[in-house]
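> Shown below is the structure under consideration.
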Amino acid sequence: VAAFYLSLFMIASTSVKKVRGLATMTTSPNTKIILHWFRHGDLRLHDNPALVHSCKKLSAASKQSDTYVIPFFCFDPKAFGNDAKSDFGNLKCGPRRAKFITEAVKDLQQNLVKKGSGLLVSHGQEPHEFVSKLVKDLSSESNPSQNPQWTIVCQEEVLKEETEAVRSMQSILPPSAKVQTVWGSTMYELEDLPFGEALGDLPNTFTPFRNKVEKKCEISPPLPTPSKELKAFFPSDGTLLKSMEQYMKPEAFPSLKQLGYNEASVKEASTVDPRGVMEFIGGETAALARVEDYIFTKDRLKIYFDTRNGMLGADYSTKFSPWLAFGCVSPRWIAKECRRYEQERGIQNKSTYWVVFELLWRDYCKFFCLKHGNRVFYPNGILSGTQQQPQTPWKVYQPVLDCWKEGKTGYPLVDANMREMRATGFMSNRGRQNVCSFLCLDLQQDWRHGGDFFETHLLDYDVYSNWYNWCAGAGMTGGRVNRFNIVKQSKDYDQHGDYVRHWLPELKDVPNQFIHEPWKMSQFQQREFGVSLGVDYPHRIQTAAPPSGGRGDDPSNQKRNRGRGRTNRQGNTGNKGESSRKTNSNNR
Ligand code: FAD
């Protein structure tokens with residue numbers, strides 16, 4: 001850590017020293033300043049459409065005017081720290097993810113500095129407050145009649161908080177200034193999609209979307225990493241304003257404490273649970289290394305299809321998601337690397353296709369949210385206001401929600417997964433589908449409490465992937481409802497109970513026969529296997545409609561299950577203290 005700071009300080013102080021002779025930047029009406037706003041979803045230099053857009057503006061403008069590009073990142077106090085809470089009372093960003101993001105921003109700053117540019121990093125003020133101050137500071141250096149022209153460039157996001165941040169930004173800028181948003185973060189280009197304006201005819205289910213896109217569209221190659229353009233970002237004579245310097249010094253980079261996390265949270269973030277799948281370090285450098293490692297060094301791509309439903313270990317799936325969520329790696333880069341693997345190794349099979357297929361799911365989440373907007377946060381999702389809108393409101397019963405959150409439902413697969421997420425910030429896709437189905441369809445609790453809890457804890461939290469998957473899992477996107485039979489899933493995907501024993505040490509001596517159904521043990525067997533139900537491990541929670549030994553997510557069962565989650569809401573999860581969110585307000 002010390003070495004990292006020292007190197008960063010040396011690089012940063014060189015750039016500051018170079019410019020010390022000039023305390024101010026001379027501006028004229030011909031001076032153009034592009035503030036390049038890195039946000040959560042694009043923390044990288046490679047294949048970054050918004051960054052390339054800023055570079056193009058710079059190249060196009062430099063002949064007639066002085067043009068500078070100033071990259072910045074803001075740790076928004078509305079998102080970070082123990083006081084930043086959601087409407088459901090959970091932290092907006094748990095400390096583990098906050099640590100991952102700080103690492104990603106530090107890596108971005110270092111990479112920009114190495115290329116002759118830099119990154120202003122602010123905390124304790126919202127992005128628009130920071131920019132307002134910066135614009136004022138930079139403008140006050142010059143004659144008011146010579147104010148520079150401002151543009152803000154950033155990646156386009158499509159949901160509430162993200163679009164509000166852009167609106168707030170626009171509202172504080174001088175009237176002549178513009179915020180330009182550039183589409184990014186998806187593997188397929190928005191403009192290439194074969195769907196009408198604003199994606200009006202985007203299918204509400206994945207398969208027809210996939211069929212059309214795969215038939216009609218190509219995945220573009222990744223955009224090149226800017227190089228000489230980045231050198232020209234800051235004033236070419238080396239001028240760097242005093243008002244910017246304060247945001248570039250290594251000591252100005254916020255610690256978790258400065259981001260508002262208390263001692264316990266800081267400790268939580270710095271504790272690596274040895275039971276976790278792997279250690280995740282934020283940033284483009286670590287992201288590209290993981291892609292290389294998974295695909296080429298460990299040679300796992302060729303078996304991805306067969307291993308992807310695992311739950312133990314680093315390599316059953318790619319684990320690219322935390323880096324993808326913050327844009328440390330682009331999906332097009334991964335798609336290109338999969339193609340390169342196929343060509344170089346001469347292997348092309350279902351597995352080498354399937355990672356790109358999963359990335360298409362990721363694309364679909366963002367496109368779906370673009371089409372339906374904030375309805376993915378409504379209790380009835382996109383069914384709100386339609387004939388399919390369910391009549392029974394969701395239940396909200398705190399003791400039940402707490403059991404689920406704490407991994408104390410008495411269903412070992414659910415509990416193990418919830419405990420893994422709390423301890424490490426990660427959960428497999430298999431786990432996520434099961435705990436989601438269990439909360440919404442078996443316990444019949446308001447799914448948004450689940451989505452919000454995931455938002456706090458997941459390292460790879462991504463607003464589109466998370467809220468789309470929850471909305472769909474709860475049956476609120478109009479697609480088929482996939483109700484998982486937890487016991488069957490446990491036996492199919494954790495046949496010998498290794499995963500459950502890994503996270504539930506109290507069940508370590510329970511034999512395979514009972515590991516997924518501990519409630520079947522007699523008192524005598526409980527004593528024999530060293531676990532007393534209700535004391536060491538909970539009795540199983542009552543579900544509204546226990547699955548009838550069905551076939552889990554077997555497609556032949558999906559038809560039968562269709563809609564069941566909606567109609568059968570009068571179960572016995574306990575009515576005391578129950579309350580419902582009846583409104584369709586966006587209560588995110
Ligand atoms: P792999 O199996 O290796 O897949 C490769 C990549 O494909 C992933 O990194 C991811 O970017 C993408 N992908 C795979 N499955 C999905 C999917 N169902 N939806 C969208 N993208 C997918 N993923 C997130 O990145 N952030 C979230 O906040 C998130 N919340 C989820 C909530 C629920 C209820 C469910 C069911 C799924 C959620 N997912 C989310 C999707 C998926 O579970 C994770 O992307 C995956 O488990 C990450 O592990 P991996 O990178 O090893 O995935």
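> Here are some pairs, K216/K336; K249/K371; K56/K99; which of them have Cα atoms lying more than 30 Å apart in this structure?
K249/K371; K56/K99
> Under the 0.36 nm per residue contour assumption, what length would be gained going from the current alpha-carbon distance of K133 and S59 to full extension?
Gain in length upon complete extension: 24.0 nm.
> Ordering T271, T409 from largest to smallest accessible area (1.4 angstrom probe), what's the sequence?
From most accessible down to least: T271, T409.
> Another question, if that's okay. Which distance in nm do the two modelled labels at S220 and E279 give, with both placed 7 Å along the Cα-to-Cβ direction?
Each label point is offset 7 Å from its Cα along the Cβ direction, giving 3.8 nm.
> Please find the FRET efficiency linking E344 to S384, where r is the Cβ-Cβ separation and R0 is fixed at 51 Å, and quote it to the nearest 0.05.
About 0.55, to the nearest 0.05.
> Let me ask you something else. Based on alpha-carbon centroids, what's the gap between the range 436-502 and the range 153-218 in Å, whole number please?
A separation of 27 Å, based on Cα centres.
> A further question on this structure: With every protein chain left in place, what is the accessible area per residue of the range 137-237 in square angstrom, probe 1.4 Å? The partial results should precede the final answer.
Details: 5270 Å² over 101 residues.
With the other protein chains kept in place, the range 137-237 gives 52 Å² per residue.
> Pull out the extension gain between D402 and E197, defined as 0.36 nm times the separation in residues minus the alpha carbon to alpha carbon distance; nm, one decimal.
69.5 nm
> Let me ask you something else. Quick one: grab the alpha carbon gyration tensor of the range 207-362, order the square roots of its eigenvalues as a ≥ b ≥ c, and give me rounded if a/c is under 1.5, else prolate or oblate depending on whether a/b is larger than b/c.
oblate
> Of K32/K178; K85/K395; K78/K133; K78/K136; K366/K395, which pairs sit farther than 20 Å apart, going by alpha carbon to alpha carbon?
Listed pairs above 20 Å: K85/K395; K78/K136; K366/K395.
> Now, a different point. If you scale each eigenvalue of the Cα gyration tensor by 5 and take the root, what three semi-axes come out for the range 398-529, rounded to whole angstrom and sorted largest first? Walk me through the numbers before you get to the answer.
Details: eigenvalues 143, 45, 34 Å².
With the √(5λ) rule applied to the range 398-529, the semi-axes are 27, 15, 13 Å.
> Follow-up. Take the residue pairs K92/K267; K106/K231; K115/K298; K212/K298; K92/K298 and return only those whose Cα atoms are more than 25 Å apart. Walk me through the numbers on the way to the answer.
Numbers: K92/K267 18 Å; K106/K231 19 Å; K115/K298 31 Å; K212/K298 33 Å; K92/K298 35 Å.
Too far apart for the 25 Å limit: K115/K298; K212/K298; K92/K298.
> Give me, ordered by chain and number, the residues 5 or more places off C328 or on other chains with an amide H under 5 Å from its own placed amide H.
L43
> Express in Å², to the nearest 10, the accessible area of V158 obtained by rolling a 1.4 Å probe over the protein heavy atoms while all chains stay in place.
20
> Moving to a separate point now. Relative contact order for the range 293-424: what is it in percent, counting Cα pairs under 8 Å that are at least 6 residues apart?
Computed value for the range 293-424: 16 percent relative contact order.
The values are calculated or read from the model by the stated rules, or taken from the named source; none is laboratory data. No experiment lies behind these values; they were computed from the predicted model shown. Every residue, glycine among them, receives a Cβ derived from its backbone with ideal geometry; neighbour counts consider all protein chains shown. Quick note on the areas: whole protein, heavy atoms, side chains included, nothing else; ligands and nucleic acids left out. Shrake-Rupley method; radii C 1.70, N 1.55, O 1.52, S 1.80 Å.
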